[in-house]
Amino acid sequence: MNESVDDRLVSYPPRGGPTVLRILLGAHLRRLREKSGLSTEEAGYEIRGSHSKISRMELGRVGFKERDVADLLTLYGVDDPVERDSLLELAREANTPGWWHRYGDVLPGWFETYLGLEGAATLLRTFEVQFVPGLMQTEDYARAVVRLGYAEAEASDDEVERRVRLRMTRQERFTEPSAPTLWAVLDEAVLRRPLGGREVMRDQIQHLIDMTSMPNVTLQIVPFGAVEQVAVGGPFTILRFSEPGLSDVVYMEQLTSALYLDKPTDVDIYMRTMNSLCIAATRPDDTVPFLKQIMDEI
């Protein structure tokens, strides 16, 4: 049975903005190219570019020129007007700035991709060894983290507040009806580090306690002495999506860049590591007593 036009169209995801649209469109263009039996070099020649440009487009790493997409569709033999119009409209939407565009003056370019993925994810599993995850920070704690991270850059008070506001805006999605699931695992050192002072830390820990009552939030603590934490190393986040065209992504932030891993073999290693951490950590039902004990000791 021949596939219908509707089966060949790319569905618009409900969340995620231009980042996710670029990934979906890029993956669709790759499938069309492979079905046509063309190489990236041949496709690049058609749009007056290189094979690396085609690769970046297919990975969703760059914006799409409507003319380039139209030329590729012609090259790939896509002549159905409905399908062409749908894909060209998707290309236009993929170039629309995301909600975070207004924070462009304080937002690293490499972090924009993560914001798009975070906005589209239905499940986020994160492990932290140094700070409370941004999605779980209070304003005062976030302010202390930002000031610490940009101390050498001598960020102005306005820049600090804009970075804090960006973080608070990201959190708003977790109180919406369609909120994703957040499963966080923290090393005990995160809670013992007196960032921002005693009162800031006490408020932060109380905020974590409050968040555990949310139906879409699970929090576990890896206590001192657990060997699994030593074997893991740095923090990472695994993002999962409901859209069939998006594979799981592992995100690891560095000082001036970030890594995005989506190969199944890589994701599987981090998924197994996360599961091991969850086994080594406190049971979710024991997290609140653990947090209260730490707060009493501060």
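The values are calculated or read from the model by the stated rules, or taken from the named source; none is laboratory data. Here the structure is a predicted model, which means the values were calculated and not measured. Positions of Cβ are backbone-derived with ideal geometry, glycine not excepted, and every protein chain shown enters the neighbour counts. SASA here: full protein model, heavy atoms, side chains in, ligands and nucleic acids out. Shrake-Rupley method; radii C 1.70, N 1.55, O 1.52, S 1.80 Å.
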Could you give every pair whose Cβ atoms fall below 6 Å, whose first residue belongs to the stretch 53-75 and is among the polar types (S, T, N, Q), and whose second residue is buried (at least 17 other Cβ atoms within 10 Å of the Cβ), counting only separations of at least 6 or pairs across chains? 55/40
I need every pair where a residue in the stretch 122-133 that is more than 14 Å from residue 274 (Cβ to Cβ) and assigned to a strand (DSSP E or B) has its Cβ under 8 Å from the Cβ of a residue that is open to solvent by less than 40 Å² (accessible area, probe 1.4 Å) and aromatic (Phe, Trp, Tyr), sequence separation at least 6 or different chains. 122/241
I'd like to know if the stretch 33-43 contains one or more residues that are closer than 20 Å to residue 93 by Cβ and either loosely packed, with under 14 Cβ neighbours inside 10 Å or in contact (Cβ under 8 Å) with a residue 12 or more places away in the chain (or both). no
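Given the criteria under 19 Å from the mean Cα position of the chain (by Cα), farther than 30 Å from residue 202 by Cβ and either open to solvent by 20 Å² or more (accessible area, probe 1.4 Å) or modelled with pLDDT under 90 (or both), does residue 261 qualify?
Judged against the criteria, residue 261 is a match.
Test residue 49 against the criterion of being open to solvent by less than 50 Å² (accessible area, probe 1.4 Å), closer than 22 Å to residue 170 by Cβ and not in a helix (DSSP H, G or I), and give yes or no.
no
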Given the conditions (1) open to solvent by 80 Å² or more (accessible area, probe 1.4 Å); (2) within 30 Å of residue 24 (Cβ to Cβ), which single one is not true for residue 255? (2)
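Do any helices (runs of 4 or more DSSP H) lying entirely in the stretch 147-252 carry at least 3 residues that are surrounded by fewer than 18 Cβ atoms within 10 Å (Cβ to Cβ), and which ones are they? Full working, then the answer.
Values: elements: 157-171, 188-192, 198-211, 227-232.
Of the helices (runs of 4 or more DSSP H) lying wholly inside the stretch 147-252, those with at least 3 residues that are surrounded by fewer than 18 Cβ atoms within 10 Å (Cβ to Cβ) span 157-171, 198-211, 227-232.
Pick from the stretch 52-92 the residues that are over 27 Å from the mean Cα position of the chain (by Cα) and outside any helix (DSSP H, G or I): which of them is nearest to residue 261 (Cα to Cα)?
Applying the first criterion (over 27 Å from the mean Cα position of the chain (by Cα)) to the stretch 52-92 yields 67-68, 70-85.
Restricting the remaining residues to those that are outside any helix (DSSP H, G or I) gives 76-80.
Numbers: 76: 28, 77: 32, 78: 31, 79: 34, 80: 35 Å.
For the stretch 52-92, the residue satisfying everything is 76.
From the list 198, 147, 143, 163, which residue is out of contact with any Pro (no Cβ under 9 Å at 6 or more places or on another chain) and closer than 18 Å to residue 291 by Cα? Spell out the reasoning first.
Values: 147 fails: closer than 18 Å to residue 291 by Cα; 143 fails: closer than 18 Å to residue 291 by Cα; 163 fails: closer than 18 Å to residue 291 by Cα.
Going through 198, 147, 143, 163 in turn, just one is out of contact with any Pro (no Cβ under 9 Å at 6 or more places or on another chain) and closer than 18 Å to residue 291 by Cα: 198.
Run down 83, 89 and say which single residue is under 27 Å from residue 29 (Cβ atoms) and touching a Lys or Arg at 6+ places or on another chain (Cβ under 6 Å). Let's see the steps before the verdict.
On the way: 89 fails: touching a Lys or Arg at 6+ places or on another chain (Cβ under 6 Å).
After applying the criteria, what remains is 83.
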